[in-house]
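Presented below is the structure to which this report refers.
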Amino acid sequence: MEVERSQFAVKLLPSLTDFAFLLPGVFLFSRMQGVKTLLSDCDTGWHIRTGQWILANHRVPWHDFYSFSKPGAVWYAWEWLSDVLFAVLNRVGGLALVVVLGLLLITAIFTLLFRRVGKRANAVVAILVTAVAVAGSSIHWLARPHLFTLLFVLLFHAALDEVRDGRRRLWGVPYLALLPAATILWTNLHGGFFVGIVMIGAYGAGELVRGALAPGAGELRAAWGQARPYLLSALGCLAASLINPYTYHLHAHVISYLRDPYQAAHIIEFLSLSFQNPIAIFFEIMLAGAAAAALWNARRGRWAEPVYLLVWAHAALLAVRNVPVFLIVAAPPVGAAVDAWLARLPELDVAGWLRAAAARFNRVALETTATDRIPRWHLVSGLAAALFVVLLYAPHPPKRLRAEFDPDTYPAGAVEMLRRDGAARIFANDEWGDYLIYRLYPGNRVFVDGRSDFYGSSFEQKYLDVMNVKYGWEDTLDRFGVNTILLPPSAALTGALKESRSWSVVYDDGVAVVFRPAAGAAGSRTNSVTATGDGEGRDRKVTKTEARDQAITETKPRT
């Protein structure tokens, strides 16, 4: 009876799985700005509008309907399925329900990551490694479709580890056959589907490297036999990715987009991580652990880990948007390596205090792991999730729980004034262009928004020249018939317009300034032209251009 009562009491207590579930929320509301962080990029808004358009028209768009600068130009809404999901959630529960989905995806990712690391390491090491991954990945926590890619990265990585360890089937179906089917869903949710193909290829390459370095003459042929299923699965995923509304056009544009030097030089998420960023320390910790884990696995003849860790460490060093992917794929091998090193430490010829400390840690970790494996009801996780939803829908929620685009950052007041003027041809920075789509479409179109590859590098450069008040900026505004300009007070262009005799201020609330042509100013600014930029259009998966007014250039607080 006492044993039953004890087990019952333990089931009521939180486990480390509950802590893993709560970690993102704790970090989001203690070190970051809560819901405001998830909505710190207004792409979420135009994803909702696109989903609404798809539901209303029963088809995916092929041409742009948001801009007056490139009306009717080819545009691919790559994340159309995510857009539809966002639109449905918004219709049912407003922007708050979209936020719930975003946070649910983040918590699910890191709860599953903890469980994955826990299969290869003790529970204490697993929760510590997961905490590093949580903190480091927070740089890209936004309620946007890219969260689906992070989830699929985790699922693909888990499946590939199962195959490599000899557990090749799930419910009787080969994992490597399931991955192409999953790729169809991934491709239509987010354009990062190629990450899965690269992951599968890395496992196949690891088998080939192992065979090439093995001493036996027949090892390479045997390694090819091991690698072939991975490579065939990767080809299957590539073929499956063609099952999308845009077929091969999607792939052609991905290649063109990634090869465009303009994107790499001007888009914040394509720049390297600043090591002055507070979250950089977590990335550095995992990077060091990944390097050591790669060497540890190589010495054991396991080459898949060194290959994919090298690939994604390189990608993370190149572009900040790849940092969360690296942290997710690095956590399991790093956790396994740390666990193995700690187990050996008490036997090594090192300082006595260090051996004693390692022995004590290992004892506590083993006991904690055994206790943590007792089944729980996860009441704490459920209550925390319920409390989050209740506060989110409260009549007057705390500031960090308000499901809105921050009125201190976005021109909410100015938009209310502009809403009454359907003839306004508004020039605003690209981030505010996203907000205008969310608030004013279909009554107004925008000059530019965050879909940088849709507009193309040529057009984007003209836009940046206007923002930076370079020669010819007035001609560009005239060419596109701009009759309204909406900017933050700190923008360089705002200062120039205040000095100009051609423009006058009609609204200023400290967050946004609205300019209209001054009385008697030359130029009608009524006719739009379609730019000849080189963009082909797609549902954007990057943030805004970097070279602009400092108040907009700065990345949002995400730490």
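Whole-Hz ³J(HN,Hα) for each residue in the range 317-332, computed from phi via Karplus 6.51 cos²θ - 1.76 cosθ + 1.60 with θ = phi - 60°, x for glycine and proline: what do you get?
Those phi angles translate into 6, 6, 9, 5, 5, 8, 4, x, 4, 4, 4, 5, 6, 7, 4, x Hz.
By count of other Cβ within 10 Å, fewest leading, how are 175, 463, 393 ordered?
Going from least to most buried by this count: 393, 175, 463.
For residue 214 and residue 468, calculate 0.36 nm times their separation in residues minus their Cα-Cα distance, and state this gained length in nm to one decimal.
Extra length from residue 214 to residue 468 when fully extended: 85.6 nm.
Pairs on different chains or at least eight residues apart, Cα atoms closer than 29 Å: how many lysine pairs in the chain fit?
27
Taking the Cα of residue 268, stepping 7 Å toward and past its beta carbon, and measuring to each backbone N in the range 33-61: which are under 19 Å?
Inside the label zone: 33-47.
Using 0.36 nm per residue of separation minus the Cα-Cα distance, give me the extension gain between residue 288 and residue 171 in nm, one decimal.
Extending this stretch completely gives an extra 38.4 nm.
Sequence gap at least 6, Cα distance under 8 Å: using those rules, report the relative contact order of the range 230-357 to the nearest whole percent. Don't jump to the answer; show the numbers that get you there.
Numbers: 80 pairs, mean separation 25.5, N = 128.
Reported relative contact order: 20 percent.
Sequence gap at least 6, Cα distance under 8 Å: using those rules, report the relative contact order of the chain to the nearest whole percent.
Relative contact order for the chain comes out at 22 percent.
What residues qualify as long-range amide H neighbours of residue 169, i.e. H under 5 Å apart, gap of 5 or more or another chain, H built at 1.01 Å from N?
When sequence neighbours closer than 5 places are left aside, the close amide H contacts are 175.
Using θ = phi - 60° and the Karplus curve 6.51 cos²θ - 1.76 cosθ + 1.60, what whole-Hz ³J(HN,Hα) does each residue of the range 478-493 get, with Gly and Pro shown as x?
5, 4, 9, x, 5, 10, 8, 10, 10, 9, x, x, 7, 5, 4, 5
Here, each number is a calculation from the coordinates, and none is a lab measurement. The structure presented is a predicted model; accordingly, all values stated were derived computationally and were not measured. Please note: Cβ atoms are built from the backbone with ideal geometry, for glycine as well, and neighbour counts cover all protein chains shown.
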